[in-house]
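Undergrad: I have a structure I would like to understand better, so I am pasting it below and will then ask my questions one at a time.
The values are calculated or read from the model by the stated rules, or taken from the named source; none is laboratory data. Predicted model only: the values in this text are computed from it and were never measured. The protein model used for the area step is the full one, side chains on, heavy atoms only, and it has no ligands, DNA or RNA in it. Shrake-Rupley method; radii C 1.70, N 1.55, O 1.52, S 1.80 Å.
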Amino acid sequence: MSTPIVSLVTGANRGIGLGVARQLAQRGHHVLLGSRDLDAGREAAETVRREVSDALVQAVQIDVTKASDVAALVDTLQQSPGRLDVLVNNAAIDYDTDQHVLTADLDRVERVWTTNTLGPWRLAQALSPFLRESPHGRLVNVSSEAGALHALRTGTPAYSHSKAALNAITIMLSAALKDDGVLVNAVCPGWVRTDMGGPNAHRSVEEGAASVVWAATLPDDGPRGGFFRDGKPLDW
């Protein structure tokens, strides 16, 4: 039996992250299900194990805003399973529809930036040595078309600017890891029925997660440094 691909998904105890973890487990990946609350992560991992026969899923604690959590995760990876092939930066907060760019609470904006932008960047820095050693290195930043420059208006200033910056970091990381064969891309899963997206969103968790999984499982000759939804390019 071949060694399974090891994939880490952050913010995976619910919503799109849980959907991604489930679909990767269905593909035979060894899934590291990351969450800020380890108990919530363990419950989610058990859910995946009940739903997916022979699922390899392990809950890991990771608050992407805490350098100590990231360092502990690196130690865990070095001990077991000893490698990482796929990083899905999914954890994000605060779709701030109640804010306007001219009156936004900048402390709130900073909290969003710390999670949605610096968090993925921090993890990419810490885990890139694993991805560079992998024969299947993939890095997926779960972004949003709300952060596309052509779509920016006056609303959701914290969330939108954090995703615009994440898109920029995606391009830079792709350039930095290109020679190592790591495919780095950003994915917009669309408007999905989650706690953040709300009940009126027109896409299911399964549909949004599939868009992310597409980028996490690209063939070696797949695209890099792009912005996609459902496997189709989006304008930055």
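Undergrad: Roughly to the nearest percent, how much of the accessible area of the chain is carbon and sulfur, given a 1.4 Å probe?
TA: 50
Undergrad: For the chain, state the semi-axes of the equivalent ellipsoid (square roots of 5 times the eigenvalues of the alpha-carbon gyration tensor), sorted largest first and rounded to whole angstrom.
TA: Semi-axes from the Cα gyration tensor: 26, 19, 18 Å.
Undergrad: Size of the range 137-233 along its principal axes in angstrom, Cα-based, largest extent first?
TA: Cα extents, longest axis first: 41, 28, 19 Å.
Undergrad: Hey, can you list the DSSP H helices of the chain whose Cα span along the axis is 24 Å or longer and whose average Kyte-Doolittle score is at least 0.0?
TA: 157-177
Undergrad: Over the Cα atoms, compute the radius of gyration (one decimal) and Dmax (the largest Cα-Cα distance, rounded to a whole number) for the range 67-115, in Å.
TA: Answer for the range 67-115, Rg first and Dmax second: 16.5, 48 Å.
Undergrad: With a 1.4 Å probe and every protein chain left in place, tell me how much accessible area M196 has, in Å² to the nearest 10.
TA: Number for this one is 80 Å².
Undergrad: Hey, another quick one. Taking a quarter of the surface of the convex hull around the Cα atoms of the range 34-75, what do you get in nm²?
TA: 3.0
Undergrad: Under a 1.4 angstrom probe, counting protein chains only, how are R132, R49, R138 ranked by accessible area, largest first?
TA: Largest accessible area first, the list is R132, R49, R138.
Undergrad: Can you give the percent of C-alpha pairs in the range 1-141 whose distance is more than 20 Å?
TA: 46
Undergrad: Okay, next question. I'd like to check one number: the per residue accessible area of the range 59-142, probe 1.4 Å, reported in Å² as a whole number.
TA: With the other protein chains kept in place, the range 59-142 gives 47 Å² per residue.
Undergrad: Using heavy-atom solvent-accessible surface (probe 1.4 Å) with all chains present, what is the largest-first order of I171, I5, I62?
TA: Final ranking, largest accessible area leading: I171, I5, I62.
Undergrad: Here is a further query. What share of the DSSP beta bridges in the chain is antiparallel, in percent to the nearest 5?
TA: 10
Undergrad: Given N residues in the range 98-185, what is Rg(Cα) / (2.2 N^0.38 Å)?
TA: For the range 98-185, the normalised Cα radius of gyration is 1.21.
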